[in-house]
1. For the protein assembly as shown, max minus min Cα coordinate along each principal axis, in Å, sorted largest first?
2. Roughly what would the spin-label model give for residue B:32 and residue A:306, points 7 Å off Cα along C-beta, in nm?
3. When the C-alpha atoms of segment A:46-144 are aligned to their principal axes, what extent does each axis show, in angstrom, from largest down?
4. With an 8 Å cut-off on Cα pairs and a minimum separation of 6 or more residues, tell me the relative contact order of segment A:298-386 in percent.
5. On full extension of the chain, what length is gained from residue A:78 through residue A:297, given 0.36 nm per residue of separation minus the C-alpha to C-alpha distance?
6. How large is the helix-only mean residue ellipticity at 222 nm for chain B, computed as the sum of -39500 (n - 2.57) over DSSP H runs with n ≥ 4, divided by its residue count, in deg cm²/dmol to the nearest 500?
7. Would you kindly state how much longer the chain becomes between residue B:67 and residue B:24 on full extension, computed as 0.36 nm times their sequence separation minus their alpha carbon distance, in nm to one decimal?
8. Taking the number of other C-beta atoms within 10 Å as the exposure measure, put A:347, A:291, A:69, B:91 in order starting with the fewest.
């Protein structure tokens, strides 16, 4: 009676064959040693003598990383072995920095406990690692993403409308959504939904988009009906800026969209058109929206309003200067100025500035190098993917992380106008950490050589069927006329 | 400079150094991966990536280097032998002529499929197209 489930269980147990992951072990050990030395450096600076402080948070974090690694080994997954150590090191650096900052920057009541910045970030990092590991191990096929792309799109739009209607305004941007005790930034989740939808849509329509064209002078544009998604995307990005005042998310959405469109069709004319649309949108917004104008003016000359709207950017530039080549050392940056941190939002949007001050240009370059490694690994996973959908999905998930890191670090450095997004895996914030965890978890699942094969390209999609019917009709008409 | 300052200085720089040591390990791993995949595809005109292979031979996920003329089928004398009950002994031929790949069905029992469509005559195909022989599915890829 109980034998059938037991046999099933035993079969499942037999199927699970532990597999060593030597590279991951080595890289994780290297990351752990680096983080431990970083922790000692921080505690020593803060205590004024050789000290390790209270290493419990770091040890808990390293133990969690070890558990993730162990879970991959025991279940015998043949996933990528570089992503987890890189993400682990980024998260560890974040943990060091959040423990170094004044703890009262964030205070939150969790059950009976009053948690501050450091413990909260540890909690979110652990949750993010858990999500990453579970996704990487459990996801064995992609039909739940592939087949329901329009359902995902609808969910995304609903989420967006929900924020438009009920969002709370923080620092002039309407980003967060509060449901009872839980608060989150839905745009973090939205970017993943967007990638899933775009990957499904572009994989289905790729032959059409890449094959046909509409001549307009020297420009070869896609046929008009297939331009609509681009216009819709443009509209969504503009709406996000106008209603939500979230320049960063808009830039990220549109950038990822253009990159995926180019990957799917390999046609530069689409990108040219998209960039042109973006420029038109930017000019329109500059003329119509006061906050966009302010952002732009801060970028052009922050020192004109150094005590007003430009304060944050000016302070960030000074912080980069204080850091120099080798940095001031963890814990030795400029201490709090009149009760507050020198750079506002140094734990979220300006975390790159804070790290560049304490670790110097050298450390900042190392952090950017980690994101480059993420990009290389993610795009290689995309290049080796079994079909179009998986390739586009892997590329999209990678780009979401890397593009976001590029946007915010360039904004911190005043290379581009500042747009508030988080630095993935490093900034404080639950939504951002969880979303980044989901991205890397899915990437790991996609890199697995043992996942189910994608379904065969059987029935052509609705657009292809429509086109064939049209062609058939034209042929019949031609025959009738003849 | 007193002893404490020296200590902090050493700790600071060793943290930075260890970050770069980690990066160096990672880059070494990436470099080895690149070299391995380059060696596998050496001198091949293209690759057949095995997307699905219920029989297990060739293994799913394998990348088979292609010559100018390749034959697929159940017989052991094919350049790409398949262990699949639905494949004929000499099932299909994949050839590189001029600048294009062509797929040809060799009057097989169950047919050869290109992107889900049956192949009736030698049909040109490009990188990224999907070939099905019996239950085995391949994707034509450029040489890596």
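FYI, it's all coordinate maths here, none of it is from the lab. Note that this is a predicted model, so its numbers are computed, not measured. Heads up, the Cβs are rebuilt from the backbone with ideal geometry, glycines too, and the neighbour counts pull from every protein chain shown.
1. 87, 59, 57
2. With each label point 7 Å from Cα toward Cβ, the separation is 5.2 nm.
3. 51, 33, 19
4. Values: 88 pairs, mean separation 23.6, N = 89.
The value is 27 percent.
5. Values: separation 219, 0.36 × 219 = 78.84 nm, distance 5.01 nm.
Computed gain between residue A:78 and residue A:297 is 73.8 nm.
6. Values: 1 runs with 38 residues, N = 144.
Per the formula, -9500 deg cm²/dmol.
7. Details: separation 43, 0.36 × 43 = 15.48 nm, distance 3.70 nm.
Between residue B:67 and residue B:24, full extension yields 11.8 nm more.
8. Values: A:347 23, A:291 15, A:69 20, B:91 27.
So the residues, fewest neighbours to most, are A:291, A:69, A:347, B:91.
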